[in-house]
Structures are given as C-alpha cells and as structure tokens.
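Colleague: Encoded as structure tokens, here's the structure I'll be asking about.
The values are calculated or read from the model by the stated rules, or taken from the named source; none is laboratory data. What you see is a predicted model; the values in this text were computed from it and never measured. When we count neighbours, we look across all protein chains shown, and the Cβ atoms used for this are built from the backbone with ideal geometry, even at glycine. Note: accessible area is taken over every heavy atom of the protein model, side chains too, but ligands, DNA and RNA are not part of it. Shrake-Rupley method; radii C 1.70, N 1.55, O 1.52, S 1.80 Å.
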Amino acid sequence: MMQELLAMDRRGLMARALVLLGASALPGCKELGGSAAWKELSAEHFKLLTAFADTLIPQTDTPGAVAAGVPKVLTQMYHDWASDETREALTGALDRIDAGARKAKEKGFTELTPAERQTFLAAHDKAALVEVPPPSDAPKGNPFVPPVSVADNGYHKLKELTAVTYYTTQAALTTELAYEHVPGGWTSSVKVTPKTRPAVTFGAF
Amino acid sequence: MAFDAIVIGSGMSGGIAAKELTERGLKVLVIERGKMIDPAKDYMDHLMPWELPNNNQMPEAEVAEHWPMQSMCYAFGAATSKFFAKDSEQPLSTPEDKPFAWIKGDHLGGRSVMWGRQTYRLSDIDFGANAKDGHGVDWPIRYADLKPWYDHIEEFIGVAGSNEGLEQLPDGKFLPAFELNDAEKQFKASVEQKFPGRKVISGRVANLSKAQPQHEELGRTSCQARSICERGCRFGAMHSSLTSSLPAAQRTGNLTIVTDAIVHSLVQDPKTGRITSVKVIDAKTNEGRTYEAKLFFLNASTLGSAQVLLNSANEANPRGLANGSDQVGRNLMDHMYGLATVAAFPGPEDSYYHGRRPTGIYIPRFRNVTEAADGYVRGFGYQGGVSRVGWRQMALQPGVVGTEIKARAHTLGPWTAMIAGFGEVLPNPDNRMTLHATRKDKWGIPVPHVEYAIGPNEKAMIKHIFDDARAMLEAAGGQVILQTKEPATPGLGIHEMGSARMGLDPKTSVLNKFNQAHEVANLFITDGSAMTSSGCQNPSLTYMALSARAADHAVQLLKEGQL
C-alpha cells in the first residue's frame, strides 16, 4: 500500500497535509481578473459538461455525477463563483475535449456512446495531466500550493472541480463515502471491516 | 454611563481582560472595531457540506478584490469570510520583496473565533532565553510568576491534554487528552525508543474533551468531534471570547460592549501623563466620539495595538505614546511556519478511527533542551498527525476516469504522516511596524507598514527542522514523499508578537512586569505585543494568562488609589 502512495498525486497530498497544518488548500493569493458581469454557461457547454461529468463519474450501484446534480451545481458556480479566467479555463477545457473527440472519432464528444466516451476520456485525461515545466513567466505560487503545470491546466481544473463537487454532494457523501455532521465524539481505534468507507473531512483534521 | 475600565479589542486577550476586570467589580466597556456576531444567527456550522455555497468557497473575483491576503489562511471560506477583515478596507503596507501577511478578524471575538486552539505553556527555558543568549532584553517575569495564571486560564477555557513532566513544556490543569490513533501510537513508540528525550504527545487543545461544571454554567458542552471549529461552534466546545470570556463578563452585569467602533488614538492628560479617554471612529458613519475611564487595557492585537500607540503621538510624545524607548512596533516576531514533511507510513491496515478529532500530535522542542543544536540558539516543536489519505489522493490520478474513480475513492487509503516545525524567531529591532508616511485607510488612520525578514539563526534552524523530521519519520518506518522548501510567508504563523515588549528597563522596553506601560500608569497591554521573546509554543494561552494577571494587579492598584 505504501508503494501505491508514492505514485499518488503529490500536489493533492501536499494540499491535504497543509490543510492539516492550517494552510490554505486553495491558491489563495493569486490575482484573478474578475468582473461582476453575469456570465452564463451556454447550452452547448452545459451539454458537454453533463456528458463529461457522466463519463468521469458514472452511475453504478450508486448515483453518478449527473444524478447527484453536479452539472447543475457547476453551472451555478460558473456564474456565482468563477472568475473570468476560470470561466475561460473551464470552457476551453470542454472545447478541447470536444475537438479531441472530433479528431479521434469524427463525432462530437456528446454524440459518442458511453463506452466510446470512456475510452476517449481516459486517453485525453492521461495526456492532459502530463506534467510540464512551468512557463518562465508563470506565477510562483507559494510553498504550500505550487502552481499546477500540466499539458492542459484548464482540464486539471475542470476535473478537480467536478470530482470535488461530486464528493461534496449528499448523494456521494451518503453512498460512496462516510460523512457524519456530528460524530458525537472521537474514537481513536476502529476495526476496518469490508463495509468501512473513507470518512470525509472538511476541517483541519 | 461612567466606566472604570475600557478594554480595546474583544479577541483572545481582550475577552479575558474584560472577564477578569468585571469579575472584580469594575464597570467595563469593551470596544470592538468589527461587527457584532450573534452565534445563533451568524455561525454556519450547522450547514451540511452540500448546503454551503460554492463548495464553501468565496467567489474568486471577490477574493481577489477584497481578501487576497486573508484567503491565504486555511480557515477562510464561504462559511467564515464574515470573520475576516477585508484587505481592501484594512490594507497592510510592506516592501515588494518582503511580504508579510496580517490575518485579521473583523468581528466581536476577533481571531479567538477561528483560531487553531493549540494551547501550550512557556517554560523557564523560554522566560530565561533572552538573558541566557543575549538576544533581546530579559523577560521581567519567570514561569513561577505566571504558573497560577496558566492554571486559572486552563481551568476556565478547558484544555485537553496529557501531563508529561517535561521541563520545556510544563504540565497543566488538563481535561482528558484526545487519544492518539493506532498509527500515531506506533509512531510515538518508535520515536521515543529511538530518540531518547523526544516525546510524541497528543496536541494540547482548547476543546472540551469533557465539559466541566464551570463550562456547563456558561452553556458549553463537550466536543462533538466535528473539526469545523473555525466556523464557530454552537456546542461551545471550543474556547472563544464568544463562548467563554465575554459571556462570563456579561453575567457579572458589569459589561458593556460597543462594536463597529474603531479606536483612532488614546488621549493623554499632559499634566498627569494618564490616559483620560479613547477616541473612536464609528465604522459605519465615520463619526468621531470619545469614551472616558480610569483604566485602559489595550488588546487590539500585536500590530493593532502598536498602530494605536503610534497614532496617539502628542506634543510631549512625538514618537507615539509609551514609546520613550523607541521599542513600540519593533521586535516583531512570528513563528516560522509551514516547514512540513510528509511520509507514507506503515500503520496498521486493519485500523481506522471515528470522528474528526480537533487536534493532532505534538512533538515538544528537544533541540537545545535534551539535544544540542547545530549552530543556532532556541528551538522548534512539531505539530502534525498520522491519518489515512482521503478520496482525492486515491482517485485523482492521470488516466483514471469512470467507475475506476469511484472504486478508488471509496477504498480506505493508506496511512500518511505529516509533521511540521514551528520555529522560534529571535527578537530583532529591525523587524518592525511603523505607520505609513502617506497612506491612510478609509477612516483616515495611517496604514501599518511592516518590514520583516528572518535572520541567520532562523535559517540555520530550518535545516534542522527538515532533517530531524525526516530522521524521525524514517526511523518509524516511514518513507518521505515530500518536504516544503521554505517557511510560509511571514505572518501566516498568525503568531505575530513583540511590538510593545515587557522588560525591566524603561529605556529598552515598553511594559513592566505587570504589562503596565512604563510611561503611562493607567495603560496595560496584554496581547501579543507584550511578548519579550516568542518561544516556539503557540502563544494564545500566554496572552490570556498575562491578561488575567495584569487585570488582577491593575484592580489592586486602582483600589489602592494608585491609578
């Protein structure tokens, strides 16, 4: 199990460790250009986002991202939360998924069968997340949250946002993971059983 | 209404000052620059994760405009943004190449509402450090002076912890400690066996592991292991001014609170040298008014209190009030922070834990205590924990999509250990806050300007913090995955202190051994600014103990007619 850990997403691990320590898990200080203008995700992009979320986290014996309402939450966040820069990053990433599908399969991503989407997205994901040296003018970030530098930074953001949103929904937290809002007390040792699910933490520990 | 005493600031130290003064019969006014908080309406700790807006994030453009600095704090989010001052309204000036972060509350209770709650005593090793190695000036007190007040505060606020008999980290009046999990017990056993003199203990924390009658009287109950403490706790299970000290002051019938009142300056009677009143600006209407009293406690936080003193310059004191020594604003210190080492850890695969414990493990200082250091004075402690990694590290791998994400995410992850050093910083007069010569905030008060950098002693210590962490994790069977490279931006330790230090000599210090200004008899300062050295322990407990002790002394002086 330890060897698996060494291969894990180090940035994510760092972010988690530093939440433990009390640092921000978010790229806090980055200056983001913003505007108060109402920005709506287009119907086209919503369709793409829905197909992407459905492929990334499909329905199994538990709800997938679509049944859990992730595309709706993300659409809301697109106008309520995202900066212009993030909006561009997200729609750009969706556009590149679609363009990639057209190139590989001669069909838009939404027109592929679920199996085709899955195969395509696995390859797209792998290529998009290849680490690359940051451009010389890239923001330095801070020691806790080094800036992301992968082949497709927008895709990294899209995937992370989609997954984090899914694992914050009531559906995911009550079926896939374990969450109790008021555990009632601390028990330092509990035997793992086949039914044990990872508990989600939102605080520092 | 006539007040005997005014307390400026309602946070960690101001809350305790108000409690102690009102309990001794004084009519007290607490002046808070931030907004009123009503826990019943304003806390968001009842919301389920999926009920928080935008996954508990504030809109990015709003963060960039109003909270670029505050959002560097882990506790900042949609559920807590009301507790953080807007950088756009309360800016801090620093040189371009020397950033310093001032994480700042903007509400009744101040940072006591979202603090990290780690609670440790200083020891005689700390109180004697300046005298021993010659950095800074000698503390005018020793551990014996503060011990009864540490006892007093711990019993009141409630601190979970274990007594360990350590010279460098004195024992206290503790509630039961939050037990280590099985992997942490394994780590503890390895470290203590392989490094005699080092200890791994449960992090001492101001959460009620078991509420006592004195807590229940104030409506507080035992900790529910939610670990979302920074949102404010409806159970009252963590100490904050809002759960403990202000309610205790309120029940005496002697407390008045005014919020949205920004202290501009203190007014001194040129004949007697005494403070007569406080000038405030109404945060909402910009109108000025004054409040009078006999006794003044300044608890506006380390930078805030220095700002008030410097902005209270008058004809006789052109350099600022109580500043004949020229030490106001100097000797700024903040623990080195963010020096983290993470390792994969061979913990028991069949063991897990339940609940979200509001603390982790603590490794008390051993360098320059039980073991020699390598070219530096003072030392450091570690905070951390060993836990099973969450869904994100398991699931978010390149090329992994679809059902595989779900399968990985719901598989219990392996154990990882993380320990991070908190390093002592020496008092250095050049690490300094001044008032900006021209910039003013929206209320016309000069903006604080901070110049701060760590020196050679701190840099030498950093190397040891990393090396010792690696050695302990590896000795316990861990495999180091990563280490940070440098400390976080200074200020992010959120332990800033030292800007009006205590000392024996009025020529080189601002406050005497009872936190009374050498030059102004009816002025006491008991927040972080009073600290003569920083130790490496989280400092809030010491501020509170100093506050209670100073209040007791001030009331005696008042009764004797000396103020």
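Colleague: Restricting to segment A:168-187, give me the number of residues that are more than 7 Å from chain B (Cβ to nearest Cβ) and within 20 Å of A:MET77 (Cβ to Cβ).
Modeller: Residues in segment A:168-187 being more than 7 Å from chain B (Cβ to nearest Cβ) and within 20 Å of A:MET77 (Cβ to Cβ): 2 in total.
Colleague: Could you pull out every one of the helices (runs of 4 or more DSSP H) wholly within segment A:50-131 that has 2 or more residues that are away from chain B (no Cβ under 12 Å) and open to solvent by 50 Å² or more (accessible area, probe 1.4 Å)? Break it down stepwise before answering.
Modeller: Numbers: elements: A:70-80, A:84-105, A:114-128.
Correct list: A:84-105.
Colleague: Taking segment B:339-367 on its own, how many of its residues are outside any loop (DSSP other than H, G, I, E, B) and within 30 Å of B:THR411 (Cβ to Cβ)? Please lay out each step first, then the result.
Modeller: The initial filter retains those residues of segment B:339-367 that are outside any loop (DSSP other than H, G, I, E, B), namely B:339-345, B:351-354, B:361-363, B:367.
Those left that are additionally within 30 Å of B:THR411 (Cβ to Cβ): B:340-345, B:351-354, B:361.
Of the residues in that region, 11 qualify.
Colleague: Given the conditions (1) within 10 Å of another protein chain (Cβ to nearest Cβ); (2) without any contact (Cβ under 8 Å) to a residue 40 or more places away in the chain; (3) part of a loop (DSSP other than H, G, I, E, B), which single one is not true for B:SER88?
Modeller: The failed condition is (1).
Colleague: Continuing with the same structure: Inspect segment B:540-558 for any residue being open to solvent by less than 10 Å² (accessible area, probe 1.4 Å) and assigned to a loop (DSSP other than H, G, I, E, B) and give the result as yes or no. Even if it seems obvious, please write down each step before you answer.
Modeller: Let us first name the residues in segment B:540-558 that are open to solvent by less than 10 Å² (accessible area, probe 1.4 Å), namely B:541-542, B:544-548, B:550-551, B:554-555.
Cutting the leftovers down to assigned to a loop (DSSP other than H, G, I, E, B) gives us none.
Checked segment B:540-558: no residue is open to solvent by less than 10 Å² (accessible area, probe 1.4 Å) and assigned to a loop (DSSP other than H, G, I, E, B).
Colleague: Sticking with this structure for a sec: For segment B:22-41, which positions are assigned to a helix (DSSP H, G or I) and touching a strand residue (DSSP E or B) at 6+ places or on another chain (Cβ under 8 Å)?
Modeller: Filtering segment B:22-41 down to residues assigned to a helix (DSSP H, G or I) leaves B:22-23, B:39-41.
Hit for segment B:22-41 is B:THR22, nothing else.
Colleague: Mind telling me which of the residues B:ARG378, B:ARG388, B:ARG365 ends up being open to solvent by less than 30 Å² (accessible area, probe 1.4 Å) and either at pLDDT below 95 or at positive phi (or both)? Don't jump to the end; show me each part of the working.
Modeller: Details: B:ARG388 fails: either at pLDDT below 95 or at positive phi (or both); B:ARG365 fails: either at pLDDT below 95 or at positive phi (or both).
The unique qualifying residue is B:ARG378.
Colleague: Quick one: which residue in B:PRO49, B:PRO68, B:PRO95 is farther than 22 Å from B:ARG117 by Cα, in contact with a strand residue (DSSP E or B) (Cβ under 7 Å, 6 or more places away or on another chain) and open to solvent by less than 40 Å² (accessible area, probe 1.4 Å)?
Modeller: Numbers: B:PRO49 fails: in contact with a strand residue (DSSP E or B) (Cβ under 7 Å, 6 or more places away or on another chain); B:PRO68 fails: in contact with a strand residue (DSSP E or B) (Cβ under 7 Å, 6 or more places away or on another chain).
Step by step, each of B:PRO49, B:PRO68, B:PRO95 is checked, and only B:PRO95 is farther than 22 Å from B:ARG117 by Cα, in contact with a strand residue (DSSP E or B) (Cβ under 7 Å, 6 or more places away or on another chain) and open to solvent by less than 40 Å² (accessible area, probe 1.4 Å).
Colleague: Something else now. Please go through (1) of a type outside the set (A, V, I, L, M); (2) at pLDDT 95 or above; (3) open to solvent by 20 Å² or more (accessible area, probe 1.4 Å) for A:GLY34 and return the number of the only condition it doesn't satisfy.
Modeller: Checking A:GLY34 against (1) of a type outside the set (A, V, I, L, M); (2) at pLDDT 95 or above; (3) open to solvent by 20 Å² or more (accessible area, probe 1.4 Å), the one that fails is (2).
Colleague: Which count do you get for residues in segment B:292-315 that are open to solvent by 40 Å² or more (accessible area, probe 1.4 Å) and either small (Gly, Ala, Ser) or touching a residue at least 60 places away in the same chain (Cβ under 8 Å) (or both)? Reasoning before the result, please.
Modeller: Start the filter on segment B:292-315 by keeping residues that are open to solvent by 40 Å² or more (accessible area, probe 1.4 Å), which leaves B:292, B:294, B:313-315.
If we keep only those that are either small (Gly, Ala, Ser) or touching a residue at least 60 places away in the same chain (Cβ under 8 Å) (or both) too, we end up with B:292, B:294, B:313.
Counting residues in segment B:292-315 that are open to solvent by 40 Å² or more (accessible area, probe 1.4 Å) and either small (Gly, Ala, Ser) or touching a residue at least 60 places away in the same chain (Cβ under 8 Å) (or both) gives 3.
Colleague: Counting only residues that are of a type in the set (Lys, Arg), give me the strands (runs of 3 or more DSSP E) lying completely in segment B:379-477 with at least 2 of them.
Modeller: On the way: elements: B:380-388, B:415-423, B:432-440, B:446-451.
Qualifying strands (runs of 3 or more DSSP E): B:432-440.
Colleague: For B:PHE178, indicate whether it is facing another protein chain (nearest Cβ under 9 Å) and free of Cβ contacts under 8 Å to residues at least 40 places away in the same chain.
Modeller: Considered against the rule, which asks whether it is facing another protein chain (nearest Cβ under 9 Å) and free of Cβ contacts under 8 Å to residues at least 40 places away in the same chain, B:PHE178 comes out as no.
Colleague: Can you tell me how many residues in segment B:72-107 are hydroxyl-bearing (Ser, Thr, Tyr) and at pLDDT below 95?
Modeller: Start the filter on segment B:72-107 by keeping residues that are hydroxyl-bearing (Ser, Thr, Tyr), which leaves B:74, B:80-81, B:88, B:93-94.
So of that shortlist, the ones also at pLDDT below 95 come out as B:74.
Summing the residues that are hydroxyl-bearing (Ser, Thr, Tyr) and at pLDDT below 95 in segment B:72-107 gives 1.
Colleague: Here's another thing I want to ask about it. Is it the case that segment B:72-81 has a residue that's within 9 Å of another protein chain (Cβ to nearest Cβ) and not in a loop (DSSP other than H, G, I, E, B)?
Modeller: Yes: segment B:72-81 contains one or more residues that are within 9 Å of another protein chain (Cβ to nearest Cβ) and not in a loop (DSSP other than H, G, I, E, B).
Let's see how each residue does on (1) aromatic (Phe, Trp, Tyr); (2) within 15 Å of B:GLY110 (Cα to Cα):
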residue: B:ILE228; (1), (2): no, no
residue: B:GLY232; (1), (2): no, yes
residue: B:PHE235; (1), (2): yes, no
residue: B:THR243; (1), (2): no, yes
residue: B:THR252; (1), (2): no, no
residue: B:ILE262; (1), (2): no, yes
residue: B:SER265; (1), (2): no, no
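Colleague: Restricting to segment B:391-422, name every residue that is within 7 Å of chain A (Cβ to nearest Cβ) and under 30 Å from B:PRO490 (Cβ atoms).
Modeller: Listed by number, the residues that qualify are B:ARG392, B:GLN393, B:THR416, B:MET418, B:ALA420.
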